[in-house]
Amino acid sequence: MILVVLALVIWLAMWALNTRLSTGPNADTRAIRLIVPAIFGLTILVVWELLVRGLDVPLVILPAPTHVISTFFSEIPTLWLDFQQTFIKGALSGYVIGCGAAFLMAILVDRYDFLKRGLLPVGNFVAALPIVGTAPILVMWFGFDWQSKAAVVVVMVFFPMLVNTVAGLQETTAMQRDLMRTYGAGYWPSLTKLRLPAAMPFIFNGLKISTTLALIGAIVAEFFGSPTMGMGFRISTSVGQLALDMVWAEIVVAALAGSAFYGVVAMAEKTVTFWHPSQRK
Amino acid sequence: DGHANSVKLQLQWVTQAQFAGYYVAKDKGFYEEEGLDVTVLAGGPDIAPPQVLAGGGADVMLNWMPSALAAREKGLPVVNIAQPFKTSGLMLTCWKDTGIKSPQDFKGKTIGVWFFGNEYPFLSWMSQEGIPTDGGPDGVTVLKQGFNVDPLLQRQADCISTMTYNEFGQVLDAGVSEDELVTFKYEDQGVATLEDGIYALEDNLKDPAFKDKMVRFVRASMKGWKYAEENPDEAAEIVLENDESGAQTEAHQKRMMGEIAKLTAGSNGALDEADFNRTVATLLAGGSDPVISKEPVGAWTSEITDEALK
Amino acid sequence: MAPNATSPVIAAKSLDLTFQTADAPVHALKDVSLDISQGDFVSFIGPSGCGKTTFLRCIAGLETPTGGTLTVNGMTADEARRARAYGYVFQAAGLYPWRTIAGNIKLPLEIMGYSKADQNDRVARVLELVELSDFGAKFPWQLSGGMQQRASIARALAFDADILLMDEPFGALDEIVRDHLNEQLLALWARTNKTIAFVTHSIPEAVYLSTKIVVMSPRPGRITDVIESPLPKERPLDIRDSPEFIEIAHRVREGLRAGHADD
Amino acid sequence: MAPNATSPVIAAKSLDLTFQTADAPVHALKDVSLDISQGDFVSFIGPSGCGKTTFLRCIAGLETPTGGTLTVNGMTADEARRARAYGYVFQAAGLYPWRTIAGNIKLPLEIMGYSKADQNDRVARVLELVELSDFGAKFPWQLSGGMQQRASIARALAFDADILLMDEPFGALDEIVRDHLNEQLLALWARTNKTIAFVTHSIPEAVYLSTKIVVMSPRPGRITDVIESPLPKERPLDIRDSPEFIEIAHRVREGLRAGHADD
Amino acid sequence: MRNAGPILTVVAAIFALWYLAVPFMNVKETLTGLERAGAVVTPDNPIERRDASSFGLVLKNSFAIPATYAQDRPRLPAPHQVASDLWDTTVEKKITSKRSLVYHGWITLSATLLGFAIGTGAGILLAVGIVHSRAMDMSVMPWAIASQTIPILAIAPMIIVVLNSIGVQGLVPKAIISAYLSFFPVVVGMVKGLRAPDAMQLDLLKTYNASQSQGFWKLRLPASMPYLFASLKIGVAAALVGAIVAELPAGGARGLGGRMLTGSYYGQMVQIWSALVLAAVLAASLVLLIGLAQRLTLKRMGLT
Ligand SMILES: Nc1ncnc2c1ncn2[C@@H]1O[C@H](COP(=O)(O)OP(=O)(O)OP(=O)(O)O)[C@@H](O)[C@H]1O
Ligand SMILES: Nc1ncnc2c1ncn2[C@@H]1O[C@H](COP(=O)(O)OP(=O)(O)OP(=O)(O)O)[C@@H](O)[C@H]1O
Ligand SMILES: Cc1ncc(C[n+]2csc(CCO)c2C)c(N)n1
Ligand SMILES: [Mg+2]
Ligand SMILES: [Mg+2]
């Protein structure tokens, strides 16, 4: 009980601290921008730890963070193996193929209005197919290894990427397009010199959304059949063994990998679309 | 209080004739005769019954012993209080034309295995055969098989795990004849582990009222099982009525009931210590990463069945 | 293909243009006839919506008239556009934000296939012309509005078109910067003898710059007055305080007010 | 709390304002002193970035000066804002697009807690004042730019503030519409005897409207000239062709050009 | 409906491709079946056939093509197989029957709607908090993003068990998982929307000395409406996926998720496809409905 009360107290104290920091004089410095969310995350971990201990939550329901962290470090070789299988082979290859195909398709769709009016609504419908149903089908078609995971990822990222890229290619203003016409510029010059650069912020929006989708897709697909490694494989079998610490260690890997992937794409966005108002300053 | 007579039972799979005894006992009023109000909770591939038990979502669960013993080692003290299944229905089913005749022929082949705690008997078996399970020409390539038989039908795997009462039938239903197949029952290989036992939490069993409730529960359940064995078609009908997914077919459930009856036939509900010891031996022998590392203590009790079968 | 001095560079005869919109059709140009000769500086002035932009866009081949004839350099407007007969300056600078100032000016040169060396030469030359030599490597948002507008003029000057179409190029600028750019534009025009068609809202600007002021009125858009300016080609800024100037400005304002009467 | 006629309504003494930005601090106002009396119409003119808007925002209590003193109706600017001492008209109309014209005008009345009946009365009155009575139920986008701007003026007039702060309210309009609104604004001012502070880029506009023209120059923003207008209160539009008018305009232009010299 | 032509063409093209693909996808199992029934197929060895290309097999055994469209356990069911199953399970069955897809669709839909309501409510509240409290903005937002990298399928069972243990069962746990997926798009959209008013619109209120709550009701909320609807469309589709995911560990195999699961479990591909199609139809209808509400609302607000 003491631990529970302590958890509450810590929560309130940290919240007060964060409120002070974020409204204080240095609120806009880089350090504070990093520290505030860090404190928040740390608070959650501490409160979680105290509650698990205080309320005697069984390990098989929810392990304490310290437990998860120690498992994380002792199981690094396994986690690394799973990470390679799921992230590098499954998610990344699916991401590249899916986003690449969507990009090319977007250029076609943008060029032919007929496709835009016909394909996008149908695509919208197809995108609504839940992964839980498509994953078993794709595992059946593409086998147990990473290829089927990549296929699931392709299906998941294709449409968000397509929609964003198409929207981006139409993002130019009438004036920008007219300028091209005054130069008598044909399709390709206006694509490469105007519409693609102008579409970049949207394309990156699609790429960013797709990062988390790719990882989740690859993991979930492994629930429906896999070789004997991979993050989704480990999660589902560890649940069966009630090794919840391992489950959470994999979730930590997923969260870290997902956030890092997102961060890398966001950084690339910053360099490529440095000119966009949202990136300046 | 109201809880004194209410029991929640967590199954380890969706509603099917594998659990006919419990549905029959409920439907025929055997539980009611014992003054019990029983709720049967269906399971599925994402449900770990021990977790449900630990969370208090159920009072008793059905489980395969490897998974239950693993839970015990993880600090969740579950105890087997009855064992309605005498024999194991687990087997590997292989295409004959792959040339597999004996376990030694598995080398270089691809085999589908159920994980989720069910991989240990297989690993134990392979280590007894001296076959590595990490692929290569001299080992087997293991797949985590989903819960259907397509990997075999589509030849993504040379062998897959099946239950005599369910998946094996599905293979046959798909038009495959038995002489195209080679099967290896775990029972015959000496690596069978106990399936579908009834488990409760150790702490709860210290409470006499709970114990009494379990006694009545087991007694009524066994009555249900024996009734199901004798009236397999009626039992299958009862199961169908209780199926919420609407996906089961009558033919399938009737055949399953017939096969299930063979597995429960030898049991009056009491656990045979020899079976328990064989299960433990199999699991302790299992490969480099054994599911249990030491002889379990107190993992089963005869107190309930002794009382129930008096 | 330079047209000889006597035949007009731009010749519109009974031009008509109706936009088909969702509700009612909009009659944007009605019976517009106008000749513009080599070396003319023609300003178009008129209330909002009178069709100034539409007329300029017709000349540029960006809009297709629904009636009448229009020739530019003796060709149809669309042929002239493909032949890159003119440079067009929009109301806003419209620089591409992902290109530097130099990159923006290079854009038409790349598209028209100038050689690399020639591109750099021309960029340097026009940057100097608009007094932005130090800013070639900057991005548009790093420049003030007036500087951006000068860059967009440079962009239209970088290639060899001897018609310049300008749609309210100085609309967004403050009066002083505007005066300054007006002076520079006049100097450039005097030097190059280009033909300039210029849309503006400002009466003093129109009077100060033009050899010919076209007053338009809306609904439907038509020409109500064409005023030939008696001002000399050499025009210091304070010519605007001279009686002739005020006289012309007055006439323009009267013409405008007449067109506005129905508001 | 109406100040007596002799003490100024707005009094700024050595006002200073420096913005702290990521790189260098921006000195937006330096040593600005100015008195505005009841019933004055004061125009602020100056090149872009000279601090006109900043000064107006200081008066409105939207910006806090970093030095000097400023009183509005004898209070600090912030107190005056809380006392709802003024109406503010922004450069763009800034109507809320989800409210009808009447709804937009009602907005300040709702916030200030006027009764329902009073709200409707006032809306009807100011709509009539700006000649928009028929358009109360329309949404902003259904009106032309000029009409929107009039609606935003009506919004600032709907409640009882006798100071009106206007930041380039007619910047986006064409010259004819602008002339028309200028006339109306003058009439309104004559009728109500409000105190008006008015920012503009246009020299003729400043001269035409004001009793007092404040010329500013940038980097750092300061007042370089204050010109009292000798024009009568009654001003027909063609007063702009009169020699006095041209004379003042000339003086303003000179003041501006001096401030621009460093560009 | 000027899009009808292109849509129909695309749909027709998809069906054509689909029909074209069926023989290639199903040829191996079909040949095995025919061989068992006594037909002569080339090659006559199933292992050789496994390693052969489907293309060659179809060419060499063209007589088997009709049979590929009528498989019981097809790798790719033909469209008419799916259509007739859909017809059987929606129109031909009483909607209270457990074999009716309408019954299962309703189970999923009810969890979806409840979850969507919870998720939208929570999302809006969180967004309001983020917009009004800097501390919340800085600390919560990065973690809200991180929360979306957690595979929901992995923690869904835990959520169900934990809720179970505090006595929450039935519809609510499913709705909560569905809410977990739908709240994020709403938060992101609403934060953007509540911050949509520009400096001038905010300053205007300041000149009226308006209070924070007046600012919220009269400016921020109306300004956020277009953003709200855009995110509701994404949110409702996510809620449906969440409800389906939650049905896997919820037990009982009820609902469309349950249908997909048991379909996969018993190798009834057609059943999976029907459930999939119905799920997509549901999602599309929900999105359409929100689009309708959007048009009505924005029209009344004069925003279209
Ligand atoms: N693409 C279009 N579709 C329909 N109507 C149009 C289109 N372009 C212009 N119009 C209409 O044609 C008329 C003339 O427009 P135009 O842009 O030429 O006016 P303008 O004189 O340039 O006005 P401004 O001074 O405001 O730029 C207007 O009524 C306008 O609404
Ligand atoms: N919030 C701010 N933060 C930093 N600098 C600012 C801010 N607001 C204005 N400035 C700077 O202060 C100076 C004066 O700006 P202000 O907007 O008052 O000019 P202005 O005279 O109204 O110009 P314009 O005619 O372009 O509207 C400019 O250099 C501007 O960049
Ligand atoms: C969650 C979970 N999934 C599968 C099994 C293994 N198992 C037990 S019964 C059965 C069905 C046989 O037809 C299977 C596959 C398990 N124990 N727990
Ligand atoms: Mg125009
Ligand atoms: Mg300003």
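The values are calculated or read from the model by the stated rules, or taken from the named source; none is laboratory data. Just so it is clear, the model here is predicted, and its values are computed rather than measured. Every residue, glycine as well, gets a Cβ built from its backbone with ideal geometry; the counts of neighbours run over all protein chains shown. Surface accessibility is based on the protein's heavy atoms, side chains included, excluding ligands, DNA and RNA. Shrake-Rupley method; radii C 1.70, N 1.55, O 1.52, S 1.80 Å.
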- request: Considering each of D:Ile45, D:Ile111 in turn, give the residue that is farther than 27 Å from A:Ala27 by Cβ and out of contact with any strand residue (DSSP E or B) (no Cβ under 8 Å at 6 or more places or on another chain).
  value: D:Ile111
task: For segment B:83-103, name all the residues that are open to solvent by 10 Å² or more (accessible area, probe 1.4 Å) and either over 30 Å from B:Asn277 (Cβ atoms) or touching a Gly at 6+ places or on another chain (Cβ under 9 Å) (or both).
output: B:Lys86, B:Thr87, B:Lys96, B:Asp97, B:Thr98, B:Gly99, B:Lys101
message: Checking D:Gly145 against (1) touching a residue at least 60 places away in the same chain (Cβ under 8 Å); (2) among the small types (Gly, Ala, Ser); (3) surrounded by fewer than 21 Cβ atoms within 10 Å (Cβ to Cβ): exactly one of these is not met. Which one?
response: (1)
- request: Select from segment D:9-28 the residues that are closer than 11 Å to D:Phe55 by Cα and either within 16 Å of ligand 1 (Cβ to nearest atom) or modelled with pLDDT under 90 (or both) and list them in ascending order.
  value: D:Ala28
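Taking the condition of being hydrophobic (A, V, I, L, M, F, W, C) and within 19 Å of A:Ile219 (Cα to Cα), how many residues in segment E:218-262 meet it?
Total meeting the criteria: 9.
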- line: Note: among C:Asp31, C:Asp35, just one is farther than 26 Å from D:Asp179 by Cα and either within 8 Å of ligand 1 (Cβ to nearest atom) or touching an Asp or Glu at 6+ places or on another chain (Cβ under 8 Å) (or both), namely C:Asp31
query: Listed residues B:Gly112, B:Gly75; which is free of Cβ contacts under 8 Å to residues at least 12 places away in the same chain and under 24 Å from A:Phe233 (Cα atoms)?
result: B:Gly75
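Of the residues B:Gly55, B:Gly43, which single one is surrounded by fewer than 22 Cβ atoms within 10 Å (Cβ to Cβ) and either away from ligand 1 (no atom under 16 Å from the Cβ) or farther than 26 Å from B:Lys262 by Cα (or both)?
B:Gly55
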query: Looking at this structure, is D:Arg82 buried (at least 22 other Cβ atoms within 10 Å of the Cβ) and among the charged types (D, E, K, R)?
result: no
- prompt: Looking at (1) more than 20 Å from the chain's Cα centre (by Cα); (2) modelled with pLDDT of 90 or more; (3) facing another protein chain (nearest Cβ under 9 Å), can you tell me which one A:Gln241 breaks?
  reply: (2)
- line: Filtering segment A:102-139 down to residues that are more than 7 Å from chain E (Cβ to nearest Cβ), among the charged types (D, E, K, R) and in contact with a helix residue (DSSP H, G or I) (Cβ under 8 Å, 6 or more places away or on another chain) yields A:Asp110, A:Arg111, A:Lys116
task: Having 2 or more residues that are among the β-branched types (Val, Ile, Thr) is the bar; report the helices (runs of 4 or more DSSP H) wholly within segment A:175-281 that clear it.
output: A:196-222, A:231-240, A:244-272
message: If the requirement is being in a loop (DSSP other than H, G, I, E, B), under 25 Å from D:Ile10 (Cβ atoms) and among the basic types (Lys, Arg), which of these qualifies: D:Arg99, D:Arg84, D:Arg57?
response: D:Arg84
- request: Please indicate, with yes or no, whether at least one residue in segment A:42-51 is open to solvent by less than 50 Å² (accessible area, probe 1.4 Å), hydrophobic (A, V, I, L, M, F, W, C), part of a helix (DSSP H, G or I) and closer than 25 Å to E:Ser165 by Cα.
  value: yes
task: Kindly indicate whether any position in segment C:20-39 is away from ligand 2 (no atom under 16 Å from the Cβ), free of Cβ contacts under 8 Å to residues at least 60 places away in the same chain and hydroxyl-bearing (Ser, Thr, Tyr).
output: yes
Helices (runs of 4 or more DSSP H) enclosed by segment B:1-110 - at least 2 residues per element that are more than 14 Å from chain E (Cβ to nearest Cβ): B:20-27, B:30-33, B:65-73
Unmet requirement for E:Ser224, which otherwise passes all of (1) among the hydroxyl-bearing types (Ser, Thr, Tyr); (2) more than 10 Å from chain B (Cβ to nearest Cβ); (3) within 19 Å of E:Pro157 (Cβ to Cβ): (3)
Scan of segment A:181-195 for residues that are more than 8 Å from chain C (Cβ to nearest Cβ) and buried (at least 17 other Cβ atoms within 10 Å of the Cβ), ordered by number: A:Ser190, A:Leu191, A:Arg195
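This table checks each residue for (1) at the interface with chain E (Cβ under 9 Å from one of its Cβ atoms); (2) closer than 18 Å to E:Asn209 by Cβ; (3) within 16 Å of ligand 4 (Cβ to nearest atom); (4) not small (Gly, Ala, Ser).
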| residue | (1), (2), (3), (4) |
| --- | --- |
| D:Leu109 | no, yes, no, yes |
| D:Glu128 | no, no, no, yes |
| D:Pro140 | yes, no, no, yes |
| D:Ala151 | no, no, no, no |
| D:Leu164 | no, yes, no, yes |
field: Candidates C:Leu109, C:Leu127 - the one that is closer than 30 Å to C:His201 by Cβ and buried (at least 16 other Cβ atoms within 10 Å of the Cβ)
entry: C:Leu127
query: Tell me, which residue of segment B:143-175 that is open to solvent by 10 Å² or more (accessible area, probe 1.4 Å) and closer than 19 Å to B:Lys101 by Cβ is nearest to the chain's Cα centre (by Cα)?
result: B:Phe168
- prompt: In segment B:176-189, what residues are open to solvent by less than 30 Å² (accessible area, probe 1.4 Å) and within 11 Å of another protein chain (Cβ to nearest Cβ)?
  reply: B:Val176
- prompt: Restricted to segment C:42-72, and to residues that are polar (S, T, N, Q) and within 14 Å of chain A (Cβ to nearest Cβ), which residue is nearest to ligand 4 (Cβ to nearest atom)?
  reply: C:Thr53
message: Kindly evaluate C:Ile59 against the criterion of being open to solvent by less than 20 Å² (accessible area, probe 1.4 Å), β-branched (Val, Ile, Thr), away from ligand 3 (no atom under 16 Å from the Cβ) and within 20 Å of C:Gln148 (Cβ to Cβ).
response: no
